[in-house]
Every structure is written in C-alpha cells, then in structure tokens.
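Just so you know, all these numbers are worked out from the coordinates, no wet-lab data involved. All figures in this text were calculated on a predicted structure; none of them were measured in a lab. So basically every Cβ, Gly included, is an ideal-geometry build from the backbone, and we count neighbours across all protein chains shown.
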Amino acid sequence: MSLKTTLTISTAAIALVGVSTAGAYAEKWDMPLAYAASNYHSENAAVFAACVTDATGGDLEIVTHPGGSLYKGGEIKRAVQTGQAPIGERLLSAHANEDPLFGVDSIPFLATSFDDSVALWKAASGAVKEALAKQNLEYVYAVPWPPQGLYANKEVNSVADLSGVKFRAYNAATARIAELAGMVPVQIEAAELSQALATGVAEAFVSSGSTGYDRKVWEQLSHFYDVQAWLPRNTVFVNKDAWDGLSDANKAAISDCGATAEAAGLAKAKELTQFYVDGLAENGMVIGNPSDALKAELQGFGEIMTQEWLDAAGESGKAAVDAFKAM
Ligand code: PCA
C-alpha cells in the first residue's frame, strides 16, 4: 500500500469517527465574512461560531472564512439568500438599493455615537428583520463599526477641496455623499481598498478608524477627519430554509450565541475606537476634527439624505426614525 493510500484511508477513518461522535445529523456550516481575519468583527464571528459549535455539542459546526476568501463582500448576501452558504456576515447598508431599511444605519448625522447607534437599532431592527425575512434571511446579530470619518491625501477644509476627487464608496449613502460633494464615486470592498489607493483608483473615502488601520492607509493617505457621521453595522444572517431545517435546540444555540456576540462586538467596537485612531496617528497621519465649514456642509448633505431616505423608506422607515428620536 502506498503512503498516499494509507493517508487517504486514515483520513477517511478519522472523518467517519468525527461524524459518529457528533451525532447522526451533524452539520458543518461555512460562514463567509468580508473583512480581515484580524478585524474585531471577524474575531467576534469566530467566537460566535465556536459558541454554536460548543453549545450544540458539535451537532452544528460553524466555520468562518474571513477576508472575502469564500465569497467577496458583494457576493455574501446573495450566496446566503440562495443557500450557497447557510450563514454569512455583511455590511447590510451596501444593499440599501434593494430595501432602504437596510441603510437605516448610514443616514449621515442621524445616530453618531455608540449610544445612539444602539437606540437606533432598537427602534429599527424589527423592521430590518422583517425586510430580511422577505428575502429568505433570518437575522442573527449585528455589530456597529466605529464612527465614520473622512480620509484624504491632502488637507480638506471645505467640500470645495474635494471637488473631482476619486472617492471610494461602500454603499449607496457614501456614493450619494460623493455625488453631492462633486466627487467621483467608485464602489470598492475594504479587502481591495489598499490596492485601489495604491493604484490611484481612489484618493479619499469615508470609513472608521478600524478600516483605515486594517488597510494601513497611511501608506497612501495623509489626513483623517473624525467627522463621526454615522455607525454602520455588519449583520449576520442565516438562509431561511437552512434555519427552518434546524432543531429547536440548535436554533436556540444560534440565537443565544448571537445575542452574546452582539453585546461582545459592541463592547469591542467601543474599546477599540480610540486605539485605531491612535494607530493612524502613530503611523504619521494627521488626525483632526473637521473645520466648522466642512462640518456644516456635510451636515447639509445629511439633511438632504435624511429626507431622501424617509421618502424612499415609507411608513416603517418613518416609524423607526420617529421611535429613535423619541428615545
Ligand atoms: N468599515 C467598513 C464599513 C464601515 C467601516 O467602518 C468599510 O469601510 O468597508
């Protein structure tokens, strides 16, 4: 018997043992993630996956695939809707063109702190869950990114300084800001951001300190303005058919581990916000607050975009925003 055959047989034997100890219906779920393995969202998802695997005694094993390695960010939601992947994590606001409710967390200057982000989610998540259900998706948990600021390769004192700049957008809201500011939007996933900056495809963007830090954008860009414009979320969802096929115990494991992950992810985001901004500064970037002029102009865009969003989102959108404002 050749060495290769021996190895193949013993691997098969190990696999069989694995199946028999994990129970007759043991399942393995691959979970695509768009962001880097070292990012706190991805680390939190790995803890969530281990939590489910443990809580089900291995009956349902979840394995994360960070960095867009299984599906790229832009493909993850469709992959889960169609059952190609049973579970996944996605920046839901990137799909606001499908349903404006998915963009409730990216309305400029509506909810600009962690506390407001939590309150907005309390007010809006019911409607978002319903919108997901209409697309064959079961909501599990969502975790915010730190507040969004402006990255540029030069000093920016007003919107006029941004005219004609190539701007990396990650959703419809960021593309709309680019349009309002006379910039040229280009949709790029975080995984491709460093390359886009290095090749001059993009020269500026809006994101958190987290993504600037992960992508080492100090290699191309010089300024970060801590605008604190909104806190978008990554959301984890399960294919509805896969969900319906689970035992009650396994559903409970996902829900419980999801609730834990939502709280732990939020705490991590808060804890790391300053660390990321400090990291940008330590690597030579100029960190500042936006000038009064820039802030006022961006807030003007926020007013326009809030109205546009309310018009598009209809009754349930308005109810969510009203409930948030009343909190
Ligand atoms: N990082 C993600 C979305 C929001 C954020 O802070 C990104 O830039 O893709």
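Key figures for this structure:
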item	result
Dimensionless Rg ratio for segment 186-242, taking C-alpha atoms and the 2.2 N^0.38 Å reference	1.39
Angle in degrees between helix 3-22 and the longest Cα principal axis of the chain, rounded to the nearest 10	80
Extent along principal axes [Cα atoms of the chain; Å; largest to smallest]	73, 49, 31
Alpha-carbon Rg/Rh ratio, for segment 84-157, with Rh computed the Kirkwood way	1.04
Helix 292-325 axis, angle to the chain major axis (alpha carbon atoms, nearest 10°)	50
Positive-end residue of 71, 255, 321, charge dipole of the chain with Cβ unit charges	71
Ranking of 51, 257 by count of other Cβ atoms within 10 Å, fewest first	51, 257
Candidates 164, 74, 265, ranked by Gaussian network fluctuation over the chain, Cα under 10 Å, top entry	164
Kirkwood Rh and Cα Rg combined as Rg/Rh, segment 110-217	1.03
Computed over segment 26-84: relative contact order in percent, which uses C-alpha pairs under 8 Å that are six or more apart	47
Rg/Rg_ref, segment 40-101, where Rg_ref = 2.2 N^0.38 Å and atoms are Cα	1.23
Segment 177-327: Rg to Rh, with Rh as the Kirkwood radius over Cα pairs	1.03
Whether segment 16-172 is rounded, prolate or oblate, judged on the alpha carbon gyration tensor where a/c under 1.5 counts as rounded	prolate
D (Stokes-Einstein, µm²/s), Kirkwood Cα radius, segment 147-203, 1.567 mPa s at 4 °C	113
Given 28/72; 122/268; 72/251; 134/318; 122/251; 134/268, the pairs whose alpha carbons are separated by over 25 Å	72/251; 134/268
Percentage relative contact order, segment 133-265, counting C-alpha pairs under 8 Å, at least six apart	43
Amide H within-cut-off set for residue 96, under 5 Å, with H built and near neighbours excluded	172
Sequence-separation-based contact order of the chain, relative, with Cα cut under 8 Å and 6+ spacing, percent	24
